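Reviewing the structure listed below.
The values are calculated or read from the model by the stated rules, or taken from the named source; none is laboratory data. Fair warning: this is a prediction, and the values are worked out from it, not measured in the lab. Here Cβ is always computed from backbone atoms with ideal geometry, including for glycine, and neighbour counts include all displayed protein chains. All accessible areas refer to the heavy atoms of the entire protein, side chains included, with ligands and DNA or RNA removed. Shrake-Rupley method; radii C 1.70, N 1.55, O 1.52, S 1.80 Å.
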Amino acid sequence: MIEPPESRRQVNWDVPRDREIVSKMRSLVRDTLRSWGLSHMADDVVLSASELIGNAILHGEFPVRLSLRIENDMLNLAVDDHGSGRPHLLDATIDATHGRGLAIVAMLSDQWGLHTDPYTTAKTVWCAFRLEPQKNQKEEK
C-alpha cells in the first residue's frame with residue numbers, strides 16, 4: 001500500500017462555473033496525484049474525474065465539488081452536485097455522440113457508485129481505484 005503524508009490524504013475543490021473548468025480540474029487532479037507519488041495512476045483517474053465532472057455540470061446543478069481521498073488501499077474520487085437527475089449506465093451504440101461517460105468510469109475504476117441524500121436532491125457519484133505501487137522499470141523488461 002502507498003501512503004502519502006497524512007496532510008495530503010484528502011483534497012476537495014469547489015468547481016466554479018467556468019467554461020474551461022473541466023480542463024483545469026484535470027490538471028489539478030494530475031498535479032495532486034503526482035505530488036502523492038501516484039503519477040502512474042493519473043491517466044485513468046484523470047479521465048474518470050473528467051467524465052464525472054462533465055456529467056455533473058451538464059446534468060446536475062451547482063454547487064459541484066470534486067474530492068480525492070486515500071483510504072486504506074484505495075484512491076477514492078467523488079463528485080457532488082445538487083441536481084435531481086440520477087446517473088445511470090447507458091447502452092450507447094457505436095454511432096452515439098454521448099452516453100459513454102459512466103461506462104468509461106466503470107471500466108477504468110475498481111468500483112463505482114452513487115450516494116443520494118433522501119432529504120434533498122444532493123448526490124455523490126464516486127469511483128475507487130486500488131492503490132498499487134509503481135512498477136520498477138527493471139521489472140517491466
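Numbers for the structure displayed
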{"quantity": "Residue list for the range 26-43, filter: at negative phi, surrounded by fewer than 18 Cβ atoms within 10 Å (Cβ to Cβ) and touching a residue at least 40 places away in the same chain (Cβ under 8 Å)", "calculated": "39, 40"}
{"quantity": "Tabulated pairs, the range 101-118, first assigned to a strand (DSSP E or B), second of a type in the set (Gly, Ala, Ser), C-beta under 6 angstrom, 6+ apart or interchain", "calculated": "111/128; 112/106"}
{"quantity": "Unique match (being at pLDDT below 85, open to solvent by less than 40 Å² (accessible area, probe 1.4 Å) and not acidic (Asp, Glu)) among 83, 99, 113", "calculated": "99"}
{"quantity": "Residue under evaluation residue 75, criteria (1) over 18 Å from residue 122 (Cα atoms); (2) open to solvent by 70 Å² or more (accessible area, probe 1.4 Å), criterion not met", "calculated": "(2)"}
